[in-house]
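Student: Take a look at this one; I'll ask things after.
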Amino acid sequence: MKVTELLKDLSNSFGPVGYEDETRQLIFDRISPFVDELKVDSMGNLIALKKGNTGKRIATFTHMDEVALVISRIDERGYARFEGLGGIDPKVLISQKVRVKCRDGVERRGIIGMLAPHLQDAKSKGKVPGFDELFIDLSMNPDYEAIQPGDLVVIDFEALELNGKVVGKALDDRACCAVSILTARELERFSRRPDVYFVFTSREEIGAFGAKVAAEGIKPDLAIAMDVTHDNSEFEINIGKGPAISVGGPNIDKKFFEKLDKTAKKHNVPVQYEFAAGRTGTDADVVQISGTGIPTLLISLPQKYMHTPVEVIDPTDVENSVRLLTAFLAELEEGEKDEV
C-alpha cells in the first residue's frame, strides 16, 4: 500500500460534512484486512477494532469529512447560490471547478463565478467577494434542472504528487486517516498490544459531533486524536520534519505525553512540538470531556494551505507518524503495566 497513492485516493473521494459515505467505504475497504471488527454507528462514524490481549482499550480519532458547499437555490438559467459546510473561505472559491452530487444519484459539474471585472464599479473592485457575490454556473449541464437545493458540492481537484509532496483537497484530515490505516497494518507485527479502536469520525468540521458520540460509546482508557496543523516557521512547525505532538495545555494528558515523547526519542522518530494553549480545534476537544473524562493526546501532521483545494502533505510525515503511533501502542505498558 503506497503512501502517496493512498493519500491521493483518500483526497479524491467525495465526503462533505455529514455525507461521508464514499470516503467511509474507501476506508472500510482499505483497513478491513487488518482489523477484526468494523461497524458504522448512528452518527456515521466508522469504527474499526483491532483486538489485543492486554485488557486495555485505546482509541484513535481521525475525521473523514471535508469542508464543502451546499446549494441553497438555483434559478431557471442554471445559476446556483450556495452556503458553506465547515470553515471555508470564499476567497479560495473564485473560478474553481466543482463536482455536484445530486439526489438523483448523478454527479454534475459546474464553475464558481463572480461579476466580471469589466462590469464592476470602483466600490466592488476593492471588495473581496463573499458568498452573496458568488454563484455556481451549472448551465453547461444539459439537465441542470435536475439540480436541487440541498445538493452537495466539493471542489473538483484531482490530487497529484509534486516533488515528493502530495497536493489535494481534504488532506485535512484524510492524511491522518491514512496514518490509522497503515498503523492497523503495522500492528500485525506485534504479539502483545491493547485493543485499538480506529475511529474515523463524521462532522468534525462543524463541531466534532461524531467524535463525541464515539468516545461516549467506546469509553477508552486513552484517546489519541490526530489532525493536521499549519506549516508555520514562526512556531517552528514545518512539513517534512515529522509529526507535531501537542505538549501542555488543558486538553493534553501530561503523563501520556511524556510516554509518547519518550517513544519518539527511543525509536529516533523525528517530532516537532506544538503548545495547545486552549481549544485545539480538533476531535481532542470533545473526546477529553466525554463520559467521566478520557486522557487524551493529540498528534498533528504539518500541512500547507489548510481548507483550500491545494493542501500539501509530505508523505514522510505520514510514515513517521505511523512509526511513532505503532511503537507507542505496542510498548504502552512496558515498565508501567497498571498506569493505563
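Student: Search region 292-321 for residues that are over 21 Å from F157 (Cα atoms) and small (G, A, S) and pair each with any residue that is assigned to a loop (DSSP other than H, G, I, E, B) and at pLDDT 95 or above when their beta-carbon atoms are under 7 Å apart and the residues are at least 6 apart or on different chains.
Tutor: S300/P243; S321/P243
Student: Another question, then. Applying the selection to region 237-254, what residues are part of a loop (DSSP other than H, G, I, E, B), closer than 15 Å to D285 by Cβ, at pLDDT 90 or above and within 20 Å of the chain's Cα centre (by Cα)?
Tutor: Answer for region 237-254, where residues must be part of a loop (DSSP other than H, G, I, E, B), closer than 15 Å to D285 by Cβ, at pLDDT 90 or above and within 20 Å of the chain's Cα centre (by Cα): just I252.
Student: Another question, then. Just the residues that are surrounded by fewer than 12 Cβ atoms within 10 Å (Cβ to Cβ) and either within 19 Å of the chain's Cα centre (by Cα) or not in a loop (DSSP other than H, G, I, E, B) (or both), please, taken from region 91-100.
Tutor: K91
Student: Considering only region 257-284, how many residues are within 22 Å of K212 (Cβ to Cβ), of a type outside the set (V, I, T) and open to solvent by less than 20 Å² (accessible area, probe 1.4 Å)?
Tutor: 3
Student: Could you tell me which numbered condition F198 fails, if it satisfies all but one of (1) within 14 Å of the chain's Cα centre (by Cα); (2) open to solvent by 10 Å² or more (accessible area, probe 1.4 Å)?
Tutor: Status for F198: all satisfied but (2).
Student: Moving on. So if I check each of I88, I71, which one is closer than 22 Å to A170 by Cβ, modelled with pLDDT of 95 or more and either under 28 Å from the mean Cα position of the chain (by Cα) or of a type outside the set (K, R) (or both)?
Tutor: Testing whether each residue is closer than 22 Å to A170 by Cβ, modelled with pLDDT of 95 or more and either under 28 Å from the mean Cα position of the chain (by Cα) or of a type outside the set (K, R) (or both) leaves just I71.
Student: Mind listing just one residue for me: the one in region 1-12 that is over 14 Å from the mean Cα position of the chain (by Cα) and not hydrophobic (A, V, I, L, M, F, W, C) and, of those, surrounded by the fewest Cβ atoms within 10 Å (Cβ to Cβ)?
Tutor: Top of the filtered list is K2.
Student: Hey, can you tell me all the residues within region 285-321 that are touching an Asp or Glu at 6+ places or on another chain (Cβ under 7 Å), open to solvent by less than 40 Å² (accessible area, probe 1.4 Å), under 18 Å from S233 (Cβ atoms) and hydrophobic (A, V, I, L, M, F, W, C)?
Tutor: L301
Student: Of the residues K50, K101, K8, K39, only one is among the basic types (K, R) and free of Cβ contacts under 8 Å to residues at least 12 places away in the same chain; which?
Tutor: Just one listed residue meets the conditions, K39.
Student: Separate question: May I ask you to list the residues in region 103-125 that are open to solvent by 70 Å² or more (accessible area, probe 1.4 Å) and more than 25 Å from D21 (Cβ to Cβ)?
Tutor: Those that are open to solvent by 70 Å² or more (accessible area, probe 1.4 Å) and more than 25 Å from D21 (Cβ to Cβ): L115, P117, H118, L119, D121, A122, K123, K125.
Student: When region 182-195 is examined, which residues are found to be among the basic types (K, R) and surrounded by 17 or more Cβ atoms within 10 Å (Cβ to Cβ)?
Tutor: Correct list: R185, R193.
Student: If I ask for residues that are more than 30 Å from L329 (Cβ to Cβ) and open to solvent by less than 50 Å² (accessible area, probe 1.4 Å), which ones from region 140-166 would you list?
Tutor: N141, Y144, A146, I147, G150, D151, L152, V153, V154, I155, D156
Student: Can you tell me which of (1) of a type in the set (G, A, S); (2) over 20 Å from I313 (Cβ atoms); (3) assigned to a loop (DSSP other than H, G, I, E, B); (4) under 20 Å from the mean Cα position of the chain (by Cα) is the one G281 doesn't meet?
Tutor: All conditions are met except number (2).
Student: List the strands (runs of 3 or more DSSP E) inside region 13-90, counting only whole elements, that have at least 3 residues being open to solvent by less than 20 Å² (accessible area, probe 1.4 Å).
Tutor: Output list reads 46-50, 57-63, 68-74.
Student: Tally time: how many residues in region 226-236 are open to solvent by 60 Å² or more (accessible area, probe 1.4 Å) and not in a strand (DSSP E or B)?
Tutor: Residues meeting the conditions: 4.
Student: Follow-up. Are there any pairs, at least 6 apart or on different chains, whose C-beta atoms fall under 9 Å, with the first in region 148-164 and more than 14 Å from L7 (Cα to Cα) and the second part of a loop (DSSP other than H, G, I, E, B) and open to solvent by 40 Å² or more (accessible area, probe 1.4 Å), and if so, which?
Tutor: Q148/R103; Q148/D104; G150/R103; D151/R103; L152/Y19; I155/Q96; D156/Q96
The values are calculated or read from the model by the stated rules, or taken from the named source; none is laboratory data. These figures come from a predicted structure and were not determined experimentally. Every residue, glycine as well, gets a Cβ built from its backbone with ideal geometry; the counts of neighbours run over all protein chains shown. Areas reflect the complete protein model, heavy atoms only, side chains present, ligands, DNA and RNA absent. Shrake-Rupley method; radii C 1.70, N 1.55, O 1.52, S 1.80 Å.
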